[in-house]
1. Out of all the residues in the stretch 290-304, which are more than 23 Å from the chain's Cα centre (by Cα) and surrounded by fewer than 21 Cβ atoms within 10 Å (Cβ to Cβ)?
2. Answer yes if at least one residue in the stretch 147-163 is of a type in the set (A, V, I, L, M), open to solvent by 50 Å² or more (accessible area, probe 1.4 Å) and within 42 Å of the chain's Cα centre (by Cα), and no otherwise.
3. Is it true that some residue in the stretch 211-220 is outside any helix (DSSP H, G or I), free of Cβ contacts under 8 Å to residues at least 60 places away in the same chain and not charged (D, E, K, R)?
4. Go through the stretch 54-96 and count every residue that is open to solvent by 30 Å² or more (accessible area, probe 1.4 Å) and out of contact with any Pro (no Cβ under 8 Å at 6 or more places or on another chain).
5. Would you point out which residue out of TYR189, TYR173 is loosely packed, with under 14 Cβ neighbours inside 10 Å, outside any helix (DSSP H, G or I) and not charged (D, E, K, R)?
Amino acid sequence: MKRGLIIAASILTSLSSAAQDFSKYTPGTMGEGVVYYLPKTEIELEVVATKVTYTPGELCQYANRYLRMTNISAQPETYWEIKSIKAKAIGIPDPDNAYVVKLKDKSAASQVELTNDGIIKAINTTSPIEKIPATPITNTAKKRIDPRSFMTEEILSTASTAKMAELVAKEIYNIRESKNSLTRGQADYMPKDGAALKLMLDNLDEQEQAMMQMFAGITNREDKTLTIRVTPTEDMKDKVAFRFSKKLGVVSDENLAGEPIYLSVINQETLPPADEKAKDKRKVDGVIYNIPGKALVTVASPTKRYFKGELLITQFGTTEVLVDNLFNKKINTRVLFDPNNGKIVKIDKD
């Protein structure tokens, strides 16, 4: 069927005065024309999880004694955290809402633009190209600097770990004193200009960071992005979309090793539901499009809410007809649709 779609779309794009008729699509009865789908909504969860890796410093057991640093662990550790969860509505072809545009006389609807999946995007015009932003991969791995390259002969020659910790701590305090003297303009040898001052302070910062890592250790954080999709068919309250484990990261909704992450989708429409039997009996006399409904979407764990907002959900809305009279030869009508939800974005005519 994909090949048939491509051929039919090509025919419609190239003709300048072809006419059209619109009808419900039944496989095997299309004839000369093009099939388009209305979208139905999937909710896509974009989960950014952070892998945290901690490597203790070789002098970690002396961190509190010499630098008053508490809660410094001597054990290496790797664990996961949820950095963020975002939710958005994505349109996919709805097989229950497929229609065919047939060639017919006395119509000016000469161009139909579809997505790669066959969802209608535009009639008699071209939809704007959406730029998809690249998802950055964040890795905040701390720069590993060899602290021994900044150590004095006295520090390097000591055989006692406790003595080394004492001398390294003194060196850290000396570096801090030198930075304070420079920033206050009280150093014995002040740099000639701002650039030289910045260079000296940067070098001192690098030395302090290297020696501090011997006590505090190194913590690296690496972000990973995963997507999870859920198709809402009705109100959902606290559906387990996936689970999250501090040890394993994102796991499936059936893996009890993780804490549940709940998805709630609550219909916000107050209009009475459409009469589906009446809709099925009505004549398709124009372009069928969606009027999506609104839903309040919430994503939360038992202890934290990550997302709350309104999204357009086609399953909570209805369909309507853009009458065929708009596409006669006397009126040049251009229509843009939102392929994510099937609603009309813009109509122009002249």
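1. Here is the first cut: in the stretch 290-304, the residues more than 23 Å from the chain's Cα centre (by Cα) are 290-291.
Within the stretch 290-304, ILE291 is the sole residue that qualifies.
2. Step one: of the stretch 147-163, the residues of a type in the set (A, V, I, L, M) are 151, 155-156, 159, 162.
This time we only want the ones that are open to solvent by 50 Å² or more (accessible area, probe 1.4 Å), so: 156, 159.
From the residues that got through so far, the ones that are within 42 Å of the chain's Cα centre (by Cα) too are none.
No - not one qualifying residue is present in the stretch 147-163.
3. From the stretch 211-220, those outside any helix (DSSP H, G or I) are 217-220; that's our starting set.
Next, from what is left, pick out any that are free of Cβ contacts under 8 Å to residues at least 60 places away in the same chain: none.
For the stretch 211-220, residues outside any helix (DSSP H, G or I), free of Cβ contacts under 8 Å to residues at least 60 places away in the same chain and not charged (D, E, K, R): absent.
4. Looking only at that region, the number is 21.
5. The match here is TYR189.
The values are calculated or read from the model by the stated rules, or taken from the named source; none is laboratory data. Predicted, not measured: the structure shown is a model, and the values here were computed from it. Neighbour counts run over all protein chains shown; Cβ positions are idealised from the backbone, glycine included. These accessible areas exclude ligands, DNA and RNA; they are computed on the full protein's heavy atoms, side chains included. Shrake-Rupley method; radii C 1.70, N 1.55, O 1.52, S 1.80 Å.
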